[in-house]
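Quick notes on the structure that follows.
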């Protein structure tokens, strides 16, 4: 579980603004495991999403992505489906915290809404240099900086892994 | 002036400072938790947590396996409150399993503060005397800002972040700027805190709070009782704020002192936990006298309009429930509309009291009888239909509810249409069978 740099290329899945956590993790699936929640992810908005999304793809939305509940399954469902990052002009603050804690990268990008379905995106993430996002069609896109401790958190796969590393350092230090 | 971008991407404007700046209530609460004299807007600080609350859905079923995987234990059991409210009463095998995990874990851990099927966490927590001004708290639920009504910095977090708190007793925050909602004037009869919130949500949108601190103030807010203040703080979640604070005052002190387990407020608390007169805030002014009852149309709490825009929209289900809208005072509001009357044929009126304490008080003061005689059915004191857990609403029906959210499918069926309103408006609509201005019925 090292915090090495990461580069991923994938296709864009485009959704609108104000995507809420009930759309990402529907209440009726919440008593089930994460796999079931993931199967129902975005079913009310994009029924083709959970069956069609591929490892490395990107979810791109309008402003205020992730509004609503504190249920972090709304973020971990996307990790389970292999989504490499969500790209939006702004996020719910609560969702923002949850996403990094479960190892999902969120990229605040003012030009996110210029992206369309099936656009190819390449994202490079590194502890020192932060996020670089390049669209095959639009070129490099501006990204808001992310604090180092959150980049590290997402690179190690979330807060649980980070706590494990800390514990093992304490035990061996 | 300098600009600070919150890291979740909403713009923030901040005055430039020199040395120690005057502090908002939010800054004072964070500074105390961070062991500092003062904090500046935009900086990221680590805070010690005074209290961590979670429920059967967000709590043990998620925390227990992670704690075991980590080989870690709870940092301070006395600072943890567990409330079983989402999957109780248990319906079906999944719910039984989730609640059993919570009960078994509470016993294994010998947790001192467990409330099983006593009501909804955000209402039970203060009623059991766990909150007081000056505290820094987290909750495993998005409506945790309810605690802000008591002058506590309280916000919702997810289960993994709760794991971090439970293990370390600490959490980071980016110091927010303060957006002050200043209300002046007297609310009309039949208009209440829920209408204030639906107006603010319509004006600012669901992410308008930009995860900053909202502070509700002004003569209107000061004149509200604690239950109404809790409605304001509760729905700060629907404004996308991290917290929704109200400075503690004599009303807070009296409410806390009258609990079964009274909380004594230190004498200076009311002077300390205020925004400094010259602190930098973004102020918005509202005239309460002009506020009409508000209704939020499907499928967003921010989709609110004055009630007269909905005239004759038919209603099949009226729901008085949830942490937002089923406290004793909410039930009393509904009863004031329905006293001596019977609801329209074909309408189902369901009342799920927010806590057993509120239910027993409603029985004692005649509110329960008034509602039952009007045709209300009473449901268990739990989250229930609000989030499609128990008593989920089925089919293509119009629902008017005192709850906080009407996202598509939220109450259990994507075909249903949920309108959000105050307990006055929900009761008046149940009475007529269509969306109704409660002022027509009350006068």
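Among the listed residues A:119, A:148, which satisfies the condition of being under 20 Å from residue A:60 (Cα atoms) and more than 10 Å from chain B (Cβ to nearest Cβ)? Spell out how you get there, then give the answer.
Working: A:148 fails: under 20 Å from residue A:60 (Cα atoms).
From the options A:119, A:148, the qualifying one is A:119.
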Notebook entry, point to check: Does the stretch A:39-61 contain any residue that is touching a residue at least 40 places away in the same chain (Cβ under 8 Å), within 10 Å of chain B (Cβ to nearest Cβ) and in a loop (DSSP other than H, G, I, E, B)?
Noted result: no
Check: Conditions: (1) in a loop (DSSP other than H, G, I, E, B); (2) crowded, with 19+ Cβ neighbours inside 10 Å; (3) within 14 Å of chain A (Cβ to nearest Cβ). Residue B:138 meets all but one. Number of the miss?
Finding: (1)
Next item on the list: Could you please let me know if residue A:94 is modelled with pLDDT of 95 or more, in contact with a strand residue (DSSP E or B) (Cβ under 7 Å, 6 or more places away or on another chain), in a helix (DSSP H, G or I) and within 13 Å of chain B (Cβ to nearest Cβ)?
Entry: yes
Check: Would you pick out the residues in the stretch B:73-89 that are touching a helix residue (DSSP H, G or I) at 6+ places or on another chain (Cβ under 7 Å) and farther than 19 Å from residue B:107 by Cβ?
Finding: B:75
Next item on the list: Filter the stretch A:65-80 down to residues that are in contact with a strand residue (DSSP E or B) (Cβ under 9 Å, 6 or more places away or on another chain) and not in a strand (DSSP E or B) and give me whichever is nearest to residue B:164 (Cα to Cα).
Entry: A:70
Margin query: The conditions are (1) touching a helix residue (DSSP H, G or I) at 6+ places or on another chain (Cβ under 9 Å); (2) free of Cβ contacts under 8 Å to residues at least 40 places away in the same chain; (3) away from chain B (no Cβ under 12 Å), and residue A:36 fails exactly one of them. Which is it?
Written below: (3)
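Of all helices (runs of 4 or more DSSP H) completely enclosed by the stretch B:57-135, which ones contain at least 2 residues that are under 24 Å from residue B:359 (Cβ atoms)? Talk me through it step by step, then tell me what you get.
Numbers: elements: B:60-70, B:92-109, B:121-127.
Passing ranges, in order: B:92-109, B:121-127.
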Check: In this structure, does residue B:147 turn out to be surrounded by 18 or more Cβ atoms within 10 Å (Cβ to Cβ), touching a residue at least 40 places away in the same chain (Cβ under 8 Å) and facing chain A (nearest Cβ under 10 Å)?
Finding: no
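The values are calculated or read from the model by the stated rules, or taken from the named source; none is laboratory data. Since the model is a prediction, treat every value here as computed from it, not as a measurement. Cβ sites come from the backbone with ideal geometry, for glycine too, and all protein chains shown count toward neighbours.
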